[in-house]
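Peer 1: My questions all concern the structure below.
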Amino acid sequence: MNEFVVSARKYRPAIFDTVIGQAAITTTLKNAIKNNHLAQAFLFCGPRGVGKTTCARILAKTINCTNLSENTEACNTCESCVSFDNNQSFNIYELDAASNNSVDDIRSLVEQVRFPPQLGKFKIYIIDEVHMLSAAAFNAFLKTLEEPPPYAIFILATTEKHKIIPTILSRCQIFDFNRIKVEDIATHLEWIAEKENVTAEPDALHIIAQKADGALRDALSMFDQIVSFAGNKVTYKDVISNLNILDYDYYFRITDDILAGNLSSVLLTFNELLSEGFDGHHFINGLSSHFRDLLVCKDASTLQLLEVSKNIKEKYKKQSQETPAQLLFHLLDISNRSDVEYRSAKNQRLHIELALMKMCRLQISDVSEKKSEVSIALKNIPANATASLQASHAVKTEEVKATIPPPSVVEESKLVIEKPQVNSTAKTPSIKVPSITKPKEDNKETEKKINEADAFSFEDKSFTADELNTSWSEYAKKIGDTRKQLFSTMNKRKPVLKDDFTIEVIVDNKMQADEIFSEQQSLLPFLKKNLSNRQLKIVSTIIEVKDKPDEAYTAKEKFMKMVEKNPALDTLRTQFDLEF
């Protein structure tokens, strides 16, 4: 039985050119060796599994190599290289600071530094996890690190650079290692699979690379685990089932159901995920990432931010074209809030289901609102705007005429149609339609609803201005608790009774006029019933306040108002050199 060696050790880089994803650092180290510009201390810092200790060993091996190649790489054949590969080198020492972190350990190291190398030019000391040294050990190491013998070189490695004291950092040449890209890890895994005679799907290797989160050592450990599970044929299904990863297809299915407004299918899919043992928090995080990836696919320039395989990338492109960008922003907002509030929710399953309901309802409401807006706009287009609409939107004349309301409705709604402005860039004239919360009904339909709802009948009677004011105040008092802004508008000025039972409401601006107009559905039937007259009409008149007195807002303006009444205040301010 052959002894099994994990891939992280079996395929550990032996020269600089085989290091994955750290080209800038390896090039700098090779040039330093070639030009004989080696520092007395190096600090390699970065996340786990990116090659810090590996680069430290390659650097130590290359420094003492007696037969360097033209590419400044170790020959692996000289006595120094062979002894290093067999862990028998007397010039290269490795120290684990996690278990040797006391002052005595550092003193022992300092004592060894005093003796020159027996073979080669340098003695190299590799101290791994150097941040684990105690404060006293760091202080004991300072002097030797700052002024070592000419043959001594220290290579420190750590994953937590912030825990190292500044006096140590200032004595080292610092190299920050980056996380390895997903593509680089996937390519390296593909090369190892070929070496091991393992057939692996590209999507499966990409999933392993994403799960590794930039750490090549983690990716190799997961690769060994999957090979032990699946044998010499690794598939995408094997990876997601063994590593407990949510399949992309779940997110694509849920997004399609959200676009279709199919709430029942979304809830059933979520229940299927829970029954397979997936965590709800993990699901909502993945769904947020899915919406983010769809948004990234909207622009070709940001497509490179999508770290998935080619097959999955094509699915994202297709679904992103079917999903509006504005909807994606709303979906991201809902999923992000659900993620933030998940931990504090008592019923966490219901919390996620409510978020999914909002997402489905959001799509349904968007479609219904668009349909209602189109129908309202068509119903309120006056007859003289038909020609311009035909030219700009190619609407058939018969369809437009069928949706035009009677003249009375157009007069009461008071739509303002602006003349098209002369503009070189404008292609079609604009029609300005005031915002209407509810479509206006015909007079006959309104009277019919009044008679059916209120169940009263009467003959039209005349009434006085006082009776009108009483009914007007009564309605304002009725809505005073819930709609204070409209209550203030109605009580600011009394309504004016005109001829033909027309009630004129004087307001200050268009916003107040719109409020009165939108309230007519309830206000007009109330007045008709109280005043026993079905011929009532309400019109709004906007007045402009002229010669409005200037009001003081800032401290200086208020002071100048006071100076107008008492000029001695300005003299007082000047004498004492006061500021506003």
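Peer 1: When only residues in the stretch 196-206 that are of a type outside the set (A, V, I, L, M, F, W, C) and in a loop (DSSP other than H, G, I, E, B) count, which is farthest from VAL19 (Cα to Cα)? Working first, answer last.
Peer 2: Start the filter on the stretch 196-206 by keeping residues that are of a type outside the set (A, V, I, L, M, F, W, C), which leaves 196-197, 199, 201-203, 206.
From what is left, the residues that are in a loop (DSSP other than H, G, I, E, B) are 196-197, 201.
On the way: GLU196: 19, ASN197: 22, GLU201: 24 Å.
Once the filter is applied, the top-ranked residue is GLU201.
Peer 1: Specify which of the listed residues (THR144, THR158) is open to solvent by less than 40 Å² (accessible area, probe 1.4 Å) and at pLDDT below 90.
Peer 2: Numbers: THR158 fails: at pLDDT below 90.
Residue meeting the stated conditions: THR144.
Peer 1: Quick one: in the stretch 122-140, of everything that is in contact with a Phe, Trp or Tyr (Cβ under 9 Å, 6 or more places away or on another chain) and among the aromatic types (Phe, Trp, Tyr), which residue is least open to solvent (accessible area, probe 1.4 Å)?
Peer 2: Per the stated criteria, the residue is TYR125.
Peer 1: Any residue in the stretch 209-233 that's of a type in the set (Asp, Glu): show its pairings with residues that are part of a helix (DSSP H, G or I) at Cβ separation under 7 Å, as long as the two are six or more apart or on different chains.
Peer 2: Hits for this filter: ASP218/ALA212; ASP224/SER7.
Peer 1: Could you please tell me which pairs satisfy a Cβ distance under 6 Å, a separation of 6+ or placement on different chains, a first residue in the stretch 124-143 that is in contact (Cβ under 8 Å) with a residue 24 or more places away in the chain, and a second residue that is surrounded by 20 or more Cβ atoms within 10 Å (Cβ to Cβ) and of a type in the set (Ser, Thr, Tyr)?
Peer 2: So the pair list comes out as VAL130/THR158; HIS131/THR158.
Peer 1: In addition: Mind checking which residues of the stretch 161-184 are within 21 Å of ARG57 (Cα to Cα) and either surrounded by fewer than 13 Cβ atoms within 10 Å (Cβ to Cβ) or among the charged types (D, E, K, R) (or both)?
Peer 2: LYS161, ARG171, ASP176, ARG179
Peer 1: If only one of PHE90, PHE115 is over 25 Å from ARG9 (Cα atoms) and of a type outside the set (Lys, Arg), which one is it? Quick ask: steps written out before the conclusion?
Peer 2: Details: PHE90 fails: over 25 Å from ARG9 (Cα atoms).
Of the residues listed, the single one that is over 25 Å from ARG9 (Cα atoms) and of a type outside the set (Lys, Arg) is PHE115.
Peer 1: Out of GLN304, GLN326, report the one residue that is over 14 Å from the mean Cα position of the chain (by Cα), of a type in the set (S, T, N, Q) and open to solvent by 10 Å² or more (accessible area, probe 1.4 Å). Write out each step before concluding.
Peer 2: Numbers: GLN326 fails: over 14 Å from the mean Cα position of the chain (by Cα).
Of GLN304, GLN326, the one residue that is over 14 Å from the mean Cα position of the chain (by Cα), of a type in the set (S, T, N, Q) and open to solvent by 10 Å² or more (accessible area, probe 1.4 Å) is GLN304.
Peer 1: Oh, and also: Return a yes/no flag: does the stretch 92-99 have any residue that is free of Cβ contacts under 8 Å to residues at least 24 places away in the same chain, within 30 Å of ILE165 (Cα to Cα) and of a type outside the set (A, V, I, L, M).
Peer 2: Within the stretch 92-99, the first condition is being free of Cβ contacts under 8 Å to residues at least 24 places away in the same chain, and the residues that meet it are 99.
Cutting the leftovers down to within 30 Å of ILE165 (Cα to Cα) gives us 99.
After this cut, where a residue has to be of a type outside the set (A, V, I, L, M) as well, the list is 99.
Yes, the stretch 92-99 contains at least one residue that is free of Cβ contacts under 8 Å to residues at least 24 places away in the same chain, within 30 Å of ILE165 (Cα to Cα) and of a type outside the set (A, V, I, L, M).
Residues checked against (1) buried (at least 19 other Cβ atoms within 10 Å of the Cβ); (2) farther than 24 Å from GLN22 by Cβ; (3) charged (D, E, K, R); (4) at pLDDT below 90:
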| position | (1), (2), (3), (4) |
| --- | --- |
| ALA186 | yes, no, no, no |
| GLU194 | no, no, yes, no |
| ILE208 | yes, no, no, no |
| LYS211 | no, no, yes, yes |
| LEU216 | yes, no, no, no |
| LEU220 | yes, no, no, no |
| GLY231 | no, yes, no, yes |
| LYS237 | no, yes, yes, yes |
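Peer 1: Can you tell me how many residues within the stretch 471-498 are crowded, with 17+ Cβ neighbours inside 10 Å and small (Gly, Ala, Ser)?
Peer 2: Residues meeting the conditions: 2.
Residues checked against (1) open to solvent by less than 40 Å² (accessible area, probe 1.4 Å); (2) modelled with pLDDT under 85; (3) closer than 21 Å to ASN35 by Cβ:
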{"site": "ASN86", "(1), (2), (3)": "no, no, no"}
{"site": "ASN91", "(1), (2), (3)": "yes, no, no"}
{"site": "SER102", "(1), (2), (3)": "no, no, no"}
{"site": "GLN112", "(1), (2), (3)": "no, no, no"}
{"site": "GLY120", "(1), (2), (3)": "no, yes, yes"}
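Peer 1: Considering only the stretch 54-82, how many residues are small (Gly, Ala, Ser), part of a loop (DSSP other than H, G, I, E, B) and crowded, with 22+ Cβ neighbours inside 10 Å? It would help to see each step written out before you state the result.
Peer 2: If we filter the stretch 54-82 for residues that are small (Gly, Ala, Ser), which is where we start, we get 56, 60, 69, 74, 80.
Remaining after also requiring part of a loop (DSSP other than H, G, I, E, B): 69, 74.
This time we only want the ones that are crowded, with 22+ Cβ neighbours inside 10 Å, so: 74.
Residues flagged as small (Gly, Ala, Ser), part of a loop (DSSP other than H, G, I, E, B) and crowded, with 22+ Cβ neighbours inside 10 Å within the stretch 54-82 amount to 1.
Peer 1: Going through the stretch 30-53 one residue at a time, which ones are part of a helix (DSSP H, G or I), surrounded by fewer than 23 Cβ atoms within 10 Å (Cβ to Cβ) and touching a residue at least 40 places away in the same chain (Cβ under 8 Å)? Write out each step before concluding.
Peer 2: Filtering the stretch 30-53 for residues part of a helix (DSSP H, G or I) gives 30-34, 52-53.
Imposing the further condition that a residue be surrounded by fewer than 23 Cβ atoms within 10 Å (Cβ to Cβ) reduces the set to 30-34, 53.
Result: LYS30, ASN31, THR53.
The values are calculated or read from the model by the stated rules, or taken from the named source; none is laboratory data. Here the structure is a predicted model, which means the values were calculated and not measured. Because the Cβ atoms are built from the backbone with ideal geometry, glycine has one as well, and the counts that use them run over all protein chains shown. Remember, those area values only see protein heavy atoms, side chains included, never the ligands or the DNA or RNA. Shrake-Rupley method; radii C 1.70, N 1.55, O 1.52, S 1.80 Å.
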